[in-house]
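**Student:** Quick one: structure below, then a few questions.
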Amino acid sequence: MDRSERFNKWFNAFILIGMAVVTVLVTAYKLRDAENGQAMLIVAAVGSLAGVLANVFSANGRILTFLFGLIDVTIYGVMCLMGAKYGNAAMHLLYFLPMQVVGFLQWRRRGASGESRVRARRLEGRQWLLYGSIFLIGLIVAYFVLAALDQTEAAGVIRWLVLMDAVSMMCNILGQWLLSTAYMEQWYFWIGVNIFSVVMWVLTLRQSPDSSYALIYIVKYSFYLLNSLNGLRIWLALSKASGAEREGQS
């Protein structure tokens, strides 16, 4: 085992164990105070753990990411639906959920299996222009829609929260598409998701210091940010190897 693989093994263990410990502790704390709904808390914890596994497998180019992603997205989407968070529910159940199937089929076509990593690829110039335009237009539309729906009276910080939410939403949408189609550049969007999510929840915590759940999400997205940086490192190598393989066959 070379140095890179050894580092990756320990890093994956750190992410998995760290998030598992946080999830178990938070769930145990909430179960102690919950008068009812304990079953849903446990289901939510299972979904969170599945999400961590999906993130680690995607960073490593393993097709199992879509199995655990399917579990995570389904549980989270249903939870949002039950909690009347219809925007998040729609995004997860109508977009992220079918994209797990699309991703599984696309990765199989690109050589991914239980033993083999996916053959990653990179965006070309025109594709960068296309996705950049989609991101900017989508961001503007999402911001004004979310700002119109926002019911808070604060005009300063809360507008920054709306902007963070809009950026995170667009990074999620494009990141999932590029993940499902095996493009390395997905990790730039996932890094964006995680950075803006951390900032958003930090601002939330500053605005509402009693929001204990905000601290949980800061920890969660901090772990995800570390994983996405590792994913970028791995996929740069995977896409470089795929490009060298194509050149060798031409």
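**Student:** Kindly rank 198-208, 173-183, 136-146 from highest to lowest mean number of other beta carbons found within 10 Å of each residue.
**Tutor:** Numbers: 198-208: 17.1, 173-183: 21.6, 136-146: 14.4.
Going by the mean number of other Cβ atoms within 10 Å, highest first, we get 173-183, 198-208, 136-146.
**Student:** Given a 10 angstrom Cα cut-off, can you work out which residue in LEU215, LEU238, LEU130 is the most mobile in a GNM of the chain?
**Tutor:** Of the options given, LEU130 has the highest mean-square fluctuation.
**Student:** Place a label point 7 angstrom from the Cα of TRP160 along the Cα-to-Cβ direction, then list the residues of the stretch 181-200 whose backbone nitrogen is under 11 Å away.
**Tutor:** Correct set: 199-200.
**Student:** Separate question: Apply the Karplus parameterisation 6.51 cos²θ - 1.76 cosθ + 1.60, with θ equal to phi minus 60°, to every residue of the stretch 110-118 and state each ³J(HN,Hα) to the nearest whole Hz, in sequence, with x for glycine and proline.
**Tutor:** 9, x, 6, 8, x, 9, 10, 7, 5
**Student:** Please grab the % of Cα pairs in the chain that end up more than 22 Å from each other.
**Tutor:** 58 percent
**Student:** What is the Rg over Rh value, at two decimals, for the stretch 22-77, using alpha-carbon atoms and the Kirkwood definition of Rh?
**Tutor:** My calculation puts Rg/Rh at 1.08.
**Student:** Using the crude model of +1 on Lys and Arg Cβ and -1 on Asp and Glu Cβ, and no other charge, please compute the dipole size for the chain relative to its Cα centre, in debye to 20.
**Tutor:** Here the size comes out at about 780 debye.
**Student:** Suppose R0 equals 30 Å. What FRET efficiency, 1/(1 + (r/R0)^6) with r the Cβ-Cβ distance, do SER208 and TYR95 give to the nearest 0.05?
**Tutor:** 0.55
**Student:** Please list the helices of the chain that count as membrane-span-like by this rule: a mean Kyte-Doolittle hydropathy of at least 0.5 together with Cα atoms stretching 20 Å or more along the helix axis, each helix being a complete DSSP H run.
**Tutor:** 38-59, 65-82, 125-149, 157-180, 186-207
**Student:** Just going by the charge dipole of the chain, with Lys and Arg at +1 and Asp and Glu at -1 on Cβ, which of ALA45, LEU25, TYR188 is farthest out on the positive end?
**Tutor:** TYR188
Any read-out appearing in this document is the output of simple, stated calculations on the displayed coordinates, not a laboratory observation. The model shown is predicted, which means the values in this text are computed figures rather than measured ones. Cβ coordinates were reconstructed from backbone atoms using ideal geometry, including for glycine residues, and neighbour counts include every protein chain displayed.
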